[in-house]
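Notes follow once the structure below has been shown.
Just so it is clear, none of the values below were taken in a lab; they were calculated from the coordinates. A quick note: this is a predicted structure, and the numbers were derived from the prediction, not measured. Positions of Cβ are generated from backbone atoms using ideal geometry, with glycine treated the same way; all protein chains shown enter the neighbour counts.
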Amino acid sequence: MIFRAVEDSDLIARARKGDVESFNLLVSRWERRVYNYLLRILGNREDALDLTQDVFLKAYQNLRKLDDPSRFAPWLYRIAHNEAFSLFRKRRPESTEEVPEQADAAVTAGGTGVFPLELSLAVSRALERLSADQRETVLLKIYQGFKFEEIAGIVGAPVSTVKSRLYAALELLKEELAPVKTRGMA
Amino acid sequence: MNCAPFDLRDYFFGELAGTDRAGMEQHVQDCPACRAELVRLSQTRDALLALREEEIPQRVAFVSDRVYEPSAWKRAWRAFWHSGPRLGFASAAMVSAALLVLALRPAAPPPAPAVDLAALRAEMSRQVEAAVTRATAEAEARHRSETARLLAAAEERFARQREQDAFVVATELALLKRQMTAVYRASFDAREPQP
């Protein structure tokens, strides 16, 4: 008998055969990350939770269309990206790119207990100063750890555009966070 | 922004591979400015990671409902049509079967000679007319034969009826004659004196 970790691809294969419990296990692995991704984009917990449920429902309905199970994460975030920007378009049809200001102030003020609250607030404020595209790219790269190619697939833009957004965002964030970081670490 | 042979930020995010990465590592060792930039990038990333993930307020879970679940047959059907190798096998099998049928099919008959449609129509009309005439004559003959048979049967039946009527009349007359004779004798006997 060989013991090995149950991978996402195992769960996907079983979920494709109609095993709902396998899909629930898959959801439990990813729901927190997807929720936080949507939360940082939308700035509203209720919207983030609703869309998280929608994302996983669509993922279940379209699981058989996923050609390569090893690319489940970029595929899932692509669904989340589409859901988030579809919501933006519904609420602000005249604008398809810009994201509303972070509505839920408490979202941006969550201290970790490890880092100073001042640093956490500064990070939130700095992220708010970014454009929607820049913020999403930072979330996918820094917080979710996707490769540039995967991010390009998620947001539907060339790799060069993704890099441009990320590096422009980093320049802004460096300026915004350097003083606070210095004080926070001092 | 930097003097490195490749984008320092690509290197920082681990997006350089092979010889590019090795070249960049060599450059960073010799370049204080690029090392300082790497430190700033690292500090920025660390600061961003201070923002930890929140717990999801409500877990997402799905409940199996047999009403909405596809049947085993449908799942197998979908699995078949979503499987590239199986589809490929099915396509190859269909092509093979088609080739086999074409190979085993007997040769096609030679093409028929050109037909004079007008003559064909005239011939068909003639044959149809003859068939109609023949059928009409046969029907009339059948009717005549049947009529003759019915008349003969009726005459026979009438003849038998006449014979029966004649017998009844004769019998009635004979009876009447005997009655008349009896009446005559009775009246004669009444006039003659008894000895």
### Query
Which FRET efficiency value, to the nearest 0.05, do you get for A:Ala13 and B:Val128 by plugging their Cβ-Cβ distance into 1/(1 + (r/R0)^6) with R0 = 51 Å?
0.10
## Note on the structure
Rounded to one decimal in nm, the spacing of the 7 Å Cα→Cβ label points at B:Gln43 and B:Glu25 is 2.6
### Summary
For A:Lys65, counting only lysines whose alpha-carbon sits under 24 Å away and dropping same-chain residues fewer than eight positions off, the answer is A:Lys17, A:Lys147, B:Lys74
### Query
At what distance in nm do the modelled label points of B:Ala90 and B:Arg149 sit from each other, each positioned 7 Å from its Cα along Cα→Cβ?
6.7
### Task
Take every residue in peptide B:148-158, count the Cβ atoms of other chains within 10 Å of its Cβ, and give the average of those counts.
0
### Message
Using the basic label-point model (7 angstrom from Cα toward the beta carbon), what is the B:Ala137 to B:Lys74 distance in nanometres?
### Response
7.2
### Task
Give the calculated FRET efficiency between A:Asn82 and B:Ala17 to the nearest 0.05, with a Förster radius of 25 Å applied to their Cβ-Cβ distance.
0.25
### Query
What would the Debye formula give as log10 I(q)/I(0) at q = 0.21 Å⁻¹ for the alpha-carbon point model of segment A:1-76, no solvent?
-0.92
#### Entry: Potential extension, B:Glu156-B:Ala114 segment - 0.36 nm per residue separation minus Cα distance
8.7 nm
